[in-house]
Every structure is written in structure tokens, then in C-alpha cells.
Amino acid sequence: MDAMSDVGAVAQDLGSARRLIIKIGSALMVDAATHRIRHEWLDSVADDVAALRAQGVEVVIVTSGAVACGREHLGLVGRVLRLEEKQAAAATGQIRLAHAYQETLARHGITVAQVLLTLDDTEDRRRHLNGRATIETLLKLGAVPVINENDTVATAEIRFGDNDRLAARVAQMISADTLVLLSDIDGLYTADPRKDPEARHIPLVREITPEIVGMAGEPPPGYSSGGMVTKIVAGRIALSAGCRMAIAMGKRTNPLAALLKPVAQGGALATWFVPGAEPRTARKRWIAGSLKPLGTLTVDDGAVGALLKGGSLLPAGVRGVTGDFERGDLVLVQGPDGRTVGRGLCAYGADDARAIAGRRSAEIETVLGYRGRDEIIHRDDLVLG
């Protein structure tokens, strides 16, 4: 199979994605001349989202545009903004962005939920776990999470600086299998096509080599703060998480529908970054080899049998808890004979885990005074062996 037909197969499979993240940049979301949200274009994206959801695809949107949308209302146009001015513009722009998404997706009876994140939220294990649980709960309840960087409180030291990397971090956080970066360019080229007429489009990337990194050019002028450099960084994060990623032209109407079609039939040209591992496999490799266990859960034979059959670890099967750990930390799971069964991310801190050990999940709220997860370690957070 040649590169183009290989890419065609990947693109046409977009509709079979289990969990899709769509990143929308400021240059697409906000008209540079009027500083207003491009509502007609956003409606076409919402139509695409509704169509994908009708096929059973879970959709998360990572959006830029709060600063670009809010600066006009504060008289901050026509010049470079200081950090505190960007934060102020974001504070007013976030309201308008959220309202725009709410209105356009309401046409399809879809509920929108706003989620604001910072870099710390994706790198700190406990915040990471909280963020993932919130997003996954929203998806289970049928909502579309709309995520943006929390520009109103982020500082120069902790800002993502662009939402390409934020989208990739979210993909990593929630084990998404597909990420689409809607851009003002239709993919990666051997050189900047705005400057070099001989630049060739790269349809498929399986590994981010120094040569691929060298193809990234300078970011375009205007509202965009990313450029191809940050998209390559996002690609590296996505591939390491087992998530395929596309860089596709977003300026056209219905950009996702266009991405579903072959180029020969009027579909969108794009660059696909294709990983060698599935999201869950990549996540479990991370759990297996990247963290130091901070405690141990000893479980009974029934729990061991359930885990070996692919189940989660419930409090009822826990017979002992040792160590000092917090929610989201890595712990070992041992059978009654002392042999290690696996390792996983515990949904409860050590004290709470001791309190609910041996209890039924329905008793958690009575014992702790709050209702957390039914599982003390969910199977997605567990690696056996």
C-alpha cells in the first residue's frame, strides 16, 4: 500500500474513532479584521460534531480564541498585549466563547460543558486524575467538553503558550485515539509553502525524526501563537500516548466532514501522524515502567481472579493497605500469598483506602462521607504482572 492510499484508509476511518479531540485555533475561531467569532463557520463544525456523535464517536473540543475574542470589548486591539492584559481579555472572552459553543451545539440538542486547564493540571498526578475523571464523566453523560487553557490565572512560567500541546496533553490524559488539529494550513510540508513553491506535502508521518522537526517553519502572523513547531511537539506527545493525529485545513466549512472523504473526491488534504500502539497500551506501558510505587494493596483470592479476567479492583477485595500515598499515586497489588499481581493508580489516598478496605462499593459514602469511584483501582489504571 503506498503512502497516499495508506493515508486515505486512515482518514476514512475517522468516523470509527472511539474518542476524538478536535483542536480549534484562534485564527479559525475569530475573524482577524472584526475580532468577532466566526459563527457561520462554527455552526458547520458543530454540524460535523453532531454527525460524528450520531455514529457513536465521543467528541471533545479544545478551543483557542478567548483572548482574541475578548480584547475588543476591553479596547485592547491594535497592539501586543502584556500578560495581565491577556488574562483580562481572556476573562471576558471566555464568556463569549462558551456562549457561542452552547448556542451552536444546542441546535442539535447537545449539552456543552466548559473545562479550563493549566499545565499543572495535566502534569500533577492528582490533578491529572481529577481532570480525567471529570472529562470522562461528562462524556458518559452525553455532553461535549469544551476545553481551553485557563488564561485568566496562568502565568508566563506555566502557560502552554498554544493549544496544540494542550490538545495533545488532553488526548494523553483521557486516552483518546484520535486528535485533529484544525489549522490554517493543510498539513506538514518539506518547507514553508508560503515561501517555497517547491515545498512538498507530507501525507503520513509514523515517527518524528530530526528531519521532520526541521520541516517546521515560523508561526504565521496574527492571532495564532502556535505554528508548525508546536504541532510537531503535539504530534510527539500524541504518538507517545498511542493517539493518531491529523493536521488539517480548518478554514473551509464542514472541515471534519471534508476530512472523512478521499482527496480525489473533494476531501481535505491533511498530514496524519500514526502511532505504533493503541492508547490504552501506551498508557499501561507508562504505568508499568514510569512510576515508583508508594504503597501496597493486599487482596484476596476472589479479587485476584477478577483482575486476571480483566476486572477492576473493588474495595471489597482488599484485605490490607500499607504505605503513605495520595489519590492518583501508584501502588502495588499483591495476592494473599505475597506475590505481586500488578500495579495501578489508586483512586483513594492511603487513609481512605484503609477505611473502605473489605467494604462494598455502596458503603463508600457512608464510611468516608463522600462518594468517590466504585473501584479502588479501575482496570484502565491497572497493569497486571
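The values are calculated or read from the model by the stated rules, or taken from the named source; none is laboratory data. All of these numbers come straight from a predicted model, not from anything done at the bench. When we count neighbours, we look across all protein chains shown, and the Cβ atoms used for this are built from the backbone with ideal geometry, even at glycine. Just so you know, the surface numbers come from the protein's heavy atoms only, side chains and all, with ligands and any DNA or RNA stripped out. Shrake-Rupley method; radii C 1.70, N 1.55, O 1.52, S 1.80 Å.
Observations, loosely collected:
- Length-normalised contact order for the chain - Cα pairs under 8 Å, 6+ apart - percent: 15 percent
- Converting phi to 3J(HN,Hα) with the Karplus coefficients 6.51, -1.76 and 1.60 and the offset θ = phi - 60°, segment 185-200 yields 9, 8, x, 8, 10, 5, 7, 5, x, 6, 10, 10, x, 8, 4, 10 Hz in sequence order, with x at every glycine or proline.
- For the pair segment 346-385 and segment 320-341, the centres of their Cα atoms are 12 angstrom apart.
- Taking amide H positions as modeled 1.01 Å from N, with prolines and chain starts lacking one, the residues under 5 Å from Val59 and 5 or more places away or on another chain are Leu20.
- Folded to 0 to 90 degrees: helix 163-174 orientation relative to the chain principal axis, Cα: 30 degrees
- Over 26 Å between alpha carbons, listed pairs Lys140/Lys284; Lys231/Lys261; Lys261/Lys284: Lys261/Lys284
- Here the label points at Leu83 and Glu198, each 7 Å from Cα along the C-beta direction, are separated by 4.3 nm in the simple model.
- Order of exposure, largest accessible area first, which applies to Thr104, Thr298, Thr366 with probe 1.4 Å: Thr366, Thr298, Thr104
- Per residue of the chain, the DSSP helices (runs of n ≥ 4 H) give a summed -39500 (n - 2.57) that works out to -11500 deg cm²/dmol at 222 nm.
- Degrees, to the nearest 10: 125-140 long Cα axis against longest axis of the chain: 70 degrees
- Close amide H contacts of Val144 (hydrogens built in the peptide plane, cut-off under 5 Å, sequence separation of 5 or more or a different chain): Thr111, Val112, Ala113.
- Amide N proximity, segment 340-361 versus Thr322 label position 7 Å along Cα-to-Cβ, cut-off under 20 Å: 340-358
- Angle between the chain longest axis and helix 83-106 axis [Cα atoms, degrees, rounded to 10]: 90 degrees
- Label point distance in nm, Thr137-Lys309, each placed 7 Å from Cα along Cα→Cβ: 2.9 nm
- Carbon/sulfur fraction of accessible area - the chain, other protein chains in place, 1.4 Å, %: 50 percent
- Sites count as exposed loop sites when they are GluC sites (Glu not before Pro), lie in a DSSP loop, and have at most 14 other Cβ atoms within 10 angstrom; the longest stretch of the chain without one is 208-385.
- Prolate/oblate/rounded label for segment 56-146 (Cα gyration tensor, a/c 1.5): oblate
- Distance between the 7 Å Cα→Cβ label points at Lys251 and Asp184: 0.8 nm.
- If R0 is taken as 51 Å, the Cβ-Cβ distance between Thr366 and Glu207 corresponds to a FRET efficiency of 0.45.
- Once the Cβ-Cβ distance of Ile95 and Asp301 is raised to the sixth power relative to R0 = 56 Å, the FRET efficiency obtained is 0.50.
- On the beta carbon distance between Val263 and His108, with R0 = 41 Å, the FRET formula returns roughly 0.90.
- Annotation for segment 311-351: trypsin sites (Lys or Arg not before Pro) lying in DSSP loop with at most 15 further Cβ atoms inside 10 Å of their Cβ are Arg339.
- Using the alpha carbons alone, the radius of gyration of segment 252-385 stands to its Kirkwood radius in an Rg to Rh ratio of 1.21.
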